[in-house]
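Since the structure comes first, as structure tokens, the remarks are kept for the end.
The values are calculated or read from the model by the stated rules, or taken from the named source; none is laboratory data. Computed from a prediction, not measured in an experiment: that's the story for all the values here. Note: ideal-geometry Cβ built from the backbone for every residue, glycine included; neighbour counts use all protein chains shown. Only protein heavy atoms, including side chains, enter the accessible area calculation; ligands, DNA and RNA are left aside. Shrake-Rupley method; radii C 1.70, N 1.55, O 1.52, S 1.80 Å.
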Amino acid sequence: MKDKYILNKFRKCFGQTLKIYDSSLVSHCGNRFFLAKEGHQKFLYIIGNEAYGRLEEFRGKPIGSIEIDGYDLIAGKAELNHINLKLMQEIFPHLNPSLCGLKPSFGTGDRLGMVTPAHVGSFRGRKIFPYFCQQSVRELNKTGRSWQESIRDSIWGVFEAGYKNPFGADADHVKDMGDLNAAIKNGFTMFTIDPSDFIANGLGNEENREISKRYDSIVEKKEIERSYLGKKITIGKEVLQFDLDSLKFIAACYYDAIKHVVKCYKFIEENKEGNFDFEVSMDETESAISPLAHIFITGELQRNEVNFQNLALRYPGVWEKAVDYCGDIEGFSKELKTHAQVAKKFGPYKLSLHSGSEKFSVFPIFSEETGGLFHIKTSGTSWLESLRTIAAVNPVLFKDIYDYALNNYEEEKKSYHISTGLSSVPAITRFSRDEYGGLLDKKECRQMLHVTYGAILTATKQENYIFRDTIYKVLDENEPVHYRHITENIDKHLDLVRI
Ligand SMILES: [Zn+2]
């Protein structure tokens with residue numbers, strides 16, 4: 001029996017009340033599994049000879065029978081919860097996130113947990129490994145979601161879209177063991193450790209005493225001096241060398257941070273079954289990381305047997321959320337070339353680019369200079385496309401969201417590197433409804449809406465969400481437009497990546 005034929009029969013019997021996602025259909029041992037939406041809720045549907053047994057396993061309910069070629073097949077539905085996802089992952093291994101290694105890769109965060117099928121649309125036919133689930137701790141805290149919800153929603157999205165190629169799940173910007181443990185338990189395949197709390201930011205030459213104090217407290221300083229002091233390292237046409245001052249400064253800045261990374265790495269090794277991808281993120285530091293500091297970081301990670309695939313550095317220039325790169329692109333390109341040479345010489349490992357949303361002028365350079373050894377992360381850009389959808393289909397709701405966001409901007413921007421001041425964000429009353437969508441193209445508005453998502457999604461009045469439920473409802477009712485906006489935007493990013 002042909003899958004499509006069965007699906008058409010099902011549609012004839014139940015199609016009036018359901019939206020069926022044909023692309024999700026998969027079969028196993030005579031049973032068909034697919035996703036459909038009833039009202040605002042999506043369910044897993046199962047049809048087949050043995051559907052009764054399966055439904056019991058999935059704690060689902062029979063909804064009727066369909067006669068096909070003289071056979072009565074049972075049809076039923078089950079919930080899209082994480083227990084059922086585990087069962088599906090056992091039956092269909094392609095639904096398990098997997099390892100990426102050194103393949104060129106790109107991560108798309110899904111703050112709402114509803115746009116993964118749209119992200120999938122952007123990756124079809126491209127030679128780039130996707131991280132459909134890329135979840136930072138900060139986003140979880142701000143949206144009130146959990147590790148489990150995050151990975152569950154993304155993978156059901158992979159199922160909905162019928163994606164059968166490998167993809168990864170990145171626990172992003174993890175800072176402590178509690179989050180690390182939760183991410184491990186929930187099946188993440190990549191761990192991005194952010195040791196920024198241990199980096200000594202702002203150490204300048206004038207603070208020699210502080211540098212010496214920190215350096216002298218390093219127990220392994222003799223070993224460090226033996227490893228680096230006086231060594232000449234040829235990188236392209238340049239020769240780099242650690243003298244005692246530069247070594248003291250770099251070690252004072254990064255030694256504690258590296259120790260923290262090593263601790264996290266060992267924790268994952270001990271607690272996770274099987275292999276994993278590992279990233280060290282040093283992108284949210286105050287100043288750019290020099291090639292010499294890069295060599296030290298890599299050297300120390302390797303000395304401590306940390307097998308990392310990605311390293312995110314703070315590159316020169318201004319890397320603000322939701323807008324293109326600001327700064328001297330030539331200078332960035334030159335510095336990146338050196339970093340890429342270091343990564344090849346001492347690795348190879350991939351260089352990772354965070355805050356990748358809208359960095360259109362950077363993608364061609366980044367992918368070319370690294371020779372395909374790169375990972376790029378975007379997240380908030382998809383949230384902004386969700387808001388663009390709301391502006392188009394429900395301008396009244398958009399206006400309320402915008403006003404609320406503006407009132408909370410000052411507070412919310414504290415946890416991000418954002419230069420747009422409150423006074424430069426225009427009041428929405430200055431614009432007509434037709435112009436709301438265009439606000440998403442203005443730098444000030446983008447940044448304001450990019451960082452206020454947590455306040456918007458968690459705002460309550462008399463114990464009810466002010467916006468959250470309505471946002472989900474409106475986006476669900478306008479799913480095709482919403483998905484289109486998201487896919488087009490990620491396409492714009494990926495089109496500029498050269499492999
Ligand atoms: Zn980052």
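Some notes on this structure:
- Cα-based shape type of segment 343-413, given that a ≥ b ≥ c are square roots of the gyration tensor eigenvalues and the cut on a/c is 1.5: prolate
- Calculated SAXS-style log₁₀ I(q)/I(0) at q = 0.15, 0.20, 0.33 Å⁻¹ - segment 202-249, Debye, Cα scatterers: -0.46, -0.73, -1.16
- Of interest is the spacing of the C-alpha centroids, which for segment 440-476 and segment 331-368 amounts to 33 Å.
- The mean of 1/r over all distinct Cα pairs in segment 1-150, once inverted, gives the Kirkwood hydrodynamic radius of 17.1 Å.
- Neighbour-limited loop hits for trypsin sites (Lys or Arg not before Pro), segment 98-198 (at most 14 other Cβ within 10 Å; DSSP other than H, G, I, E, B): ARG124, LYS127, LYS164
- The mean of 1/r over all distinct Cα pairs in segment 3-91, once inverted, gives the Kirkwood hydrodynamic radius of 12.9 Å.
- Segment 382-494 shape via C-alpha gyration tensor axes, a/c threshold 1.5: rounded
- Gyration tensor over the Cα atoms of segment 94-381: the corresponding equivalent ellipsoid has semi-axes (square roots of 5 times the eigenvalues, largest first) of 33, 21, 17 Å.
- Charge sum, other residues only, whose C-beta stays under 15 Å from ARG484's C-beta, Lys/Arg counted +1 and Asp/Glu -1: -3
- Cα-based equivalent ellipsoid of segment 121-198: semi-axis lengths in Å, sorted from largest, via gyration tensor: 24, 14, 10
- Pairwise FRET efficiency - HIS94 versus LYS237, Cβ, R0 = 45 Å, nearest 0.05: 0.45
- Within the chain, longest stretch clear of exposed GluC sites (Glu not before Pro) (DSSP loop, no more than 15 other Cβ within 10 Å): 51-219
- Accessible area of the chain belonging to carbon and sulfur atoms, whole % at 1.4 Å probe: 48
- In this rough spin-label picture, where each label sits 7 Å from Cα along the Cβ direction, the LYS37-ARG303 distance is 5.5 nm.
- Working note: Karplus 6.51/-1.76/1.60 with θ = phi - 60° gives segment 258-263 the couplings 5, 4, 5, 4, 4, 4 Hz, where Gly and Pro are set to x.
- Its Cα centre serving as origin, segment 382-494 has a Cβ charge dipole (Lys and Arg +1, Asp and Glu -1) of approximately 260 debye.
- Most positive-pole-ward Cα, LEU80, ILE128, THR116, against dipole of segment 80-131 from beta carbon charges: ILE128
- Cross-link table LYS86/LYS414; LYS86/LYS272; LYS232/LYS350; LYS19/LYS185; LYS103/LYS337; LYS164/LYS272, entries beyond 28 Å C-alpha to C-alpha: LYS86/LYS414; LYS19/LYS185
- Charge dipole (segment 165-306, unit charges on Cβ, about Cα centre) - positive-most of ASN165, LEU247, SER227: SER227
- Segment 137-205 and segment 238-265 have their alpha-carbon centroids 26 Å apart.
- Only Lys, Arg, Asp and Glu carry charge here, each on its Cβ (+1 for the first two, -1 for the last two); on that basis the chain has a dipole of about 840 debye about its Cα centre.
- For the chain, DSSP calls about 55 percent of its internal beta bridges antiparallel.
- Only one residue of ALA183, THR298, LEU102 has its Cα farthest out toward the positive end of the dipole of segment 94-381, where Lys and Arg carry +1 and Asp and Glu -1 on Cβ, and that residue is LEU102.
- Each 10 Å bin from 0 upward holds the following percent of the Cα-Cα pairs of segment 273-417: 10, 35, 28, 17, 9, 1.
- Cα-derived Rg to Rh of segment 135-288, Kirkwood definition: 1.08
- In segment 196-240, the trypsin sites (Lys or Arg not before Pro) that fall in loop regions by DSSP, at most 15 other Cβ within 10 Å: LYS231, LYS237
- LYS127-LYS19 FRET efficiency (beta carbon distance; Förster radius 35 Å; 0.05 resolution): 0.60
- Dipole magnitude for segment 266-311: about 180 debye, using +1 per Lys or Arg Cβ and -1 per Asp or Glu Cβ, origin at the Cα centre.
- Legend: translational diffusion of segment 231-353 by Stokes-Einstein, Rh = Kirkwood radius over C-alpha pairs, 20 °C, 1.002 mPa s; D = 138 µm²/s.
- Compactness ratio for the chain: Cα radius of gyration over 2.2 N^0.38 Å (N = residue count) comes to 1.06.
- Solvent exposure of the chain, expressed per residue, is 43 Å² of accessible area, with all protein chains present and a 1.4 angstrom probe.
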